[in-house]
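Since the structure comes first, as structure tokens, the remarks are kept for the end.
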Amino acid sequence: MATIEQHPEQVLAVSDWSDAERSKASRYLAQRLAETRSDYKSVALASFTLGFAVVGLAWLALGVLLEHWWLAGGMPVWLRWTWLVVGLGGAIAAMVRWLVPLLRYRVNLVYAARTIEREFPELHNDLVNAVLVRPTGGDSRASLIARSLDRRAAQQLTSIPADDVIDKQHLVRLAAVLAVLVVGASLYALL
């Protein structure tokens, strides 16, 4: 019977792109992947901020509607405090769940490469392969293969605009929903 030995100290991890003695193509790939990592993080932070604002304003609007229109005489004091505590608890839980990991951890190189390839399938997994195939030791054949992969991925990546890698449509939608909520709250306050 065949068995598989497991070594817990061996973890699949991709370190940062080491381009000290690498080619111009490798340095270009490292730069584009760093830009993608940064763009992904900034879009995720903006998404969290806009989503947090939309949910917070919707929570507040629901409380105002409940207070002014649905409960005769308004909310009792205990319900107001419960509403506040539940809202603050949800805000803290959202920050712990989404914001803390976003600020604490870095975007993996393979994930950044896969994000680019998801938007541009014509890369045919070349970028992920270039990230994963890193020669170790002094094997000249492995180094030759890695340089070839780097060059091929860099050539294909030059035709892709850097701004189109991360999809930002959901940011526009969230901003539009937030604008509608702000206009609605302003009109309600005026009326």
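The values are calculated or read from the model by the stated rules, or taken from the named source; none is laboratory data. Keep in mind that what you see is a predicted model, and the values were worked out from it rather than measured. Note that each Cβ is placed from the backbone with ideal geometry, even for glycine, and that neighbours are counted across all protein chains shown. Please note that ligands, DNA and RNA were not included when accessible areas were found on the heavy atoms of the full protein model with its side chains. Shrake-Rupley method; radii C 1.70, N 1.55, O 1.52, S 1.80 Å.
Of all residues in the stretch 72-91, exactly one satisfies the criterion of being surrounded by 11 or more Cβ atoms within 10 Å (Cβ to Cβ), within 30 Å of residue 42 (Cβ to Cβ) and hydrophobic (A, V, I, L, M, F, W, C), namely 91. Evaluate the stretch 115-127: report whether one residue or more is within 15 Å of residue 39 (Cα to Cα), open to solvent by 30 Å² or more (accessible area, probe 1.4 Å), in contact with a helix residue (DSSP H, G or I) (Cβ under 8 Å, 6 or more places away or on another chain) and not basic (Lys, Arg). Scanning the stretch 115-127, I find at least one residue that is within 15 Å of residue 39 (Cα to Cα), open to solvent by 30 Å² or more (accessible area, probe 1.4 Å), in contact with a helix residue (DSSP H, G or I) (Cβ under 8 Å, 6 or more places away or on another chain) and not basic (Lys, Arg), so the answer is yes.
Pairs are defined by a Cβ separation below 6 Å, a sequence spacing of at least 6 or placement on different chains, a first member in the stretch 158-184 that is in a helix (DSSP H, G or I), and a second member that is of a type outside the set (A, V, I, L, M, F, W, C) and open to solvent by 50 Å² or more (accessible area, probe 1.4 Å); the pairs so defined are 162/35.
Determine, yes or no, whether residue 150 is under 24 Å from residue 28 (Cα atoms), surrounded by 14 or more Cβ atoms within 10 Å (Cβ to Cβ) and acidic (Asp, Glu). Here the answer is yes, as residue 150 does meet what is asked. Scanning the stretch 144-178 for residues that are farther than 19 Å from residue 116 by Cβ and under 23 Å from the mean Cα position of the chain (by Cα) yields a total of 7. Which of the residues spanning the stretch 34-58 are open to solvent by 60 Å² or more (accessible area, probe 1.4 Å) and over 14 Å from the mean Cα position of the chain (by Cα)? Within the stretch 34-58, 52, 55 qualify. Quick check on the stretch 61-71: of everything there that is without any contact (Cβ under 8 Å) to a residue 24 or more places away in the chain and of a type in the set (A, V, I, L, M, F, W, C), which residue is most open to solvent (accessible area, probe 1.4 Å)? The extreme case among them is 69.
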